[in-house]
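Take a look at the following structure, please.
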Amino acid sequence: MKTRFRLGRYPVWVALVGLVLLPSAAAAQEAACPQREPKEGSYSSSANDYMEQAREQDTPADRRGYFNFALGLLKQGIAEEPENPLYYFMAGQAYLELDDYVGADSVWDRAECLWQPYAQRIEGLRLVAWSNAFTQAQELVSSGDSAAAMHAYRNAYAIYDEEPYPVFQVAVYKVGQAQVVEGDSLQRTYLEDAIWAFRESIAAAGRSETLSDEEREDFIWSATANLAQVLAFEGRLLDAAEVYERYLEDHPGSAEARSRLASFLAMRFAELQNAVRAVEDSAEQTALLAEIDSLGARVSSHYSELLAMQEAGFEADEYHQMGIGLYQLDRLAEAVIAFGKALELESYRPESLALLAHALYASERFDTLVAVAGQLVERYPYNLENLLLLAHACRETDDPERALEVLERREALPFQLVQLNLQGGAAFGQLENLELEPGTLIEIEFSFYDDDGNVVGRGRLSMNAPAQGELAPFRVTPEEEAFGVSGVSYRVVAPS
């Protein structure tokens, strides 16, 4: 079975590169680094001869054969003289020729450790190797060989990890692979690789001395946002939240990061609330309730900060998500504020208006609910729940006549539209037949609005009623191209 998902601005992925140390060098790697001057010996001299002969060979197979001979001799030298930096230094060059950049990186690290004067030479060799691998990757991308290009990008990052671009590009590629691969198990493997790559991109951007401040921030934010999204896709909501918490340590004023952090915490809060209902063991239930309380306090704190930000620049969707989180936390007054802010930005959002009405009802603010529910019924009249909210509001504000009138209207509905929402400039939802004869023609005219509430397009739904009690999906787009669509309303044309 194939599961699909979407990522943020920059999709990302990468295959893990295992660090391969020479077996005899692993223990020495953990020890302190006593400075040892390089010493020529029979192994290094013979290895050097093989490497020179390798460069004179005409075929790749012959070249690899000689370099493998050289590397084998150097490994013997390391086994007998594990503190001679010359063997590690030369082995790095052999590894590169054999396309083992990870091996080269590991032995060069050891060479530098044992003999500090090697540092500058090795730095230069790393940069040359990085440039060669990076250029190769770019050429392979241009030729359409993406898989080989990703291998070259991984090589570039393995040999010089202070530039984030190569590992970020690998990440992009792997995310694409995850989206098309067959099988959840393989997709999870790709996702784990992506997580590694995102983290490496963040770390490399922080180390880089060549990126401008703007480029560094762009890499860090892109990798952070996508890392969190991959973690959330895997169901690791607290890990996703932690990614943003770390980002906020260096960017405390980022409203977008705090909003996403709060959203992930709120999603986990909702998961725990559902989980505690299914738990029968009292001790386990107590532990879950304590975790819910703690998590609720964290979410509340973040949402309070967000709503207090005067120049946050949030979009309507972000305020809407805040409203949902606050509603789940039973912070109804603040939920009302959040849904209200969403509607200030996009005045005809059907979902935000409906949830605002529910928040007002739950907080027993019936005076305000009369106006909001009235607006809800005016825009979306064929809906049982909308009419019930208005009837309740009228009854609680001592207007029984209007309450009765609304209830009678509700009882007479022949069908209703449910789950009405807007996406990509199209209205969609489901139509439920309440009392119509199956097959009865239903015609509804939809109006589409921009952020300011101006009509920018109209569309028409014509469909036959399904069987009574059944739901049928619908989707309506403007008849002519419309720009800036962010809201919708409708009126029923038939049956009249």
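The values are calculated or read from the model by the stated rules, or taken from the named source; none is laboratory data. As the structure is a computational prediction, the values presented were derived from the model and not from experiment. Note that we place each Cβ from the backbone using ideal geometry, even for glycine, and neighbour counts take in every protein chain shown.
So, residue 257, is that one hydrophobic (A, V, I, L, M, F, W, C) and surrounded by fewer than 17 Cβ atoms within 10 Å (Cβ to Cβ) or not?
So residue 257 does not fit the description; no.
What is the one condition in (1) on the phi < 0 side of the Ramachandran plot; (2) touching a residue at least 40 places away in the same chain (Cβ under 8 Å) that residue 99 does not satisfy?
(1)
Before we move on, is residue 284 assigned to a helix (DSSP H, G or I), among the acidic types (Asp, Glu) and in contact (Cβ under 8 Å) with a residue 40 or more places away in the chain?
No.
Moving to a separate point now. Can you find even one residue in the stretch 267-280 that is in contact with a Phe, Trp or Tyr (Cβ under 8 Å, 6 or more places away or on another chain) and either basic (Lys, Arg) or part of a helix (DSSP H, G or I) (or both)?
Here is the first cut: in the stretch 267-280, the ones in contact with a Phe, Trp or Tyr (Cβ under 8 Å, 6 or more places away or on another chain) are none.
Within the stretch 267-280, none of the residues are in contact with a Phe, Trp or Tyr (Cβ under 8 Å, 6 or more places away or on another chain) and either basic (Lys, Arg) or part of a helix (DSSP H, G or I) (or both).
Looking at the structure I just gave you, is residue 87 closer than 23 Å to residue 115 by Cβ and in a helix (DSSP H, G or I)?
Values: closer than 23 Å to residue 115 by Cβ: yes; in a helix (DSSP H, G or I): yes.
In short, yes.
Suppose we filter the stretch 348-370 for residues that are farther than 23 Å from residue 403 by Cα and either of a type in the set (Asp, Glu) or in contact with a Phe, Trp or Tyr (Cβ under 7 Å, 6 or more places away or on another chain) (or both); how many remain?
Summing the residues that are farther than 23 Å from residue 403 by Cα and either of a type in the set (Asp, Glu) or in contact with a Phe, Trp or Tyr (Cβ under 7 Å, 6 or more places away or on another chain) (or both) in the stretch 348-370 gives 3.
Collect the residues in the stretch 449-484 that are within 20 Å of residue 342 (Cα to Cα) and in contact with an Asp or Glu (Cβ under 7 Å, 6 or more places away or on another chain), keeping them in residue-number order. Can you show your working first?
Here is the first cut: in the stretch 449-484, the residues within 20 Å of residue 342 (Cα to Cα) are 449-456, 483-484.
Once the filter is applied, which keeps residues that are within 20 Å of residue 342 (Cα to Cα) and in contact with an Asp or Glu (Cβ under 7 Å, 6 or more places away or on another chain), the stretch 449-484 yields 451, 456, 484.
If I go through the stretch 472-496 residue by residue, how many of them are surrounded by 15 or more Cβ atoms within 10 Å (Cβ to Cβ) and in a strand (DSSP E or B)?
8
Inside the stretch 312-331, can you point out the residues that are among the hydroxyl-bearing types (Ser, Thr, Tyr) and within 15 Å of residue 343 (Cα to Cα)?
First, the residues of the stretch 312-331 that are among the hydroxyl-bearing types (Ser, Thr, Tyr): 319, 327.
The one that is among the hydroxyl-bearing types (Ser, Thr, Tyr) and within 15 Å of residue 343 (Cα to Cα): 319.
Could you check residue 58 against (1) modelled with pLDDT of 95 or more; (2) exposed (fewer than 15 other Cβ atoms within 10 Å of the Cβ) and say which number it fails?
Condition (1) is where residue 58 drops out.
Looking at the stretch 307-317, which of the residues that are modelled with pLDDT of 90 or more and either on the phi > 0 side of the Ramachandran plot or part of a helix (DSSP H, G or I) (or both) is nearest to the chain's Cα centre (by Cα)?
Checked the stretch 307-317; the qualifying residue nearest to the chain's Cα centre (by Cα) is 317.
Something else: If residue 228 satisfies every condition in (1) closer than 30 Å to residue 484 by Cα; (2) without any contact (Cβ under 8 Å) to a residue 40 or more places away in the chain; (3) surrounded by 15 or more Cβ atoms within 10 Å (Cβ to Cβ); (4) out of contact with any helix residue (DSSP H, G or I) (no Cβ under 6 Å at 6 or more places or on another chain) but one, which is the exception?
(4)
A follow-up question, please. Out of the residues in the stretch 405-462 that are part of a loop (DSSP other than H, G, I, E, B), out of contact with any Leu (no Cβ under 8 Å at 6 or more places or on another chain) and at negative phi, state the one that is surrounded by the fewest Cβ atoms within 10 Å (Cβ to Cβ).
412
For the stretch 58-100, how many residues are of a type in the set (Ser, Thr, Tyr) and over 18 Å from residue 125 (Cβ atoms)?
Looking only at that region, the number is 2.
To continue, here is another question. Answer yes if at least one residue in the stretch 132-145 is in contact (Cβ under 8 Å) with a residue 12 or more places away in the chain and of a type in the set (Ser, Thr, Tyr), and no otherwise.
So far as the stretch 132-145 goes, no, none of its residues is in contact (Cβ under 8 Å) with a residue 12 or more places away in the chain and of a type in the set (Ser, Thr, Tyr).
Checking the condition buried (at least 19 other Cβ atoms within 10 Å of the Cβ), in contact (Cβ under 8 Å) with a residue 12 or more places away in the chain, over 23 Å from residue 429 (Cα atoms) and outside the structural domain of residue 273 (by TED's automatic domain parsing), which residue from 373, 338, 391 passes?
Working: 373 fails: over 23 Å from residue 429 (Cα atoms); 338 fails: outside the structural domain of residue 273 (by TED's automatic domain parsing).
Going through 373, 338, 391 in turn, just one is buried (at least 19 other Cβ atoms within 10 Å of the Cβ), in contact (Cβ under 8 Å) with a residue 12 or more places away in the chain, over 23 Å from residue 429 (Cα atoms) and outside the structural domain of residue 273 (by TED's automatic domain parsing): 391.
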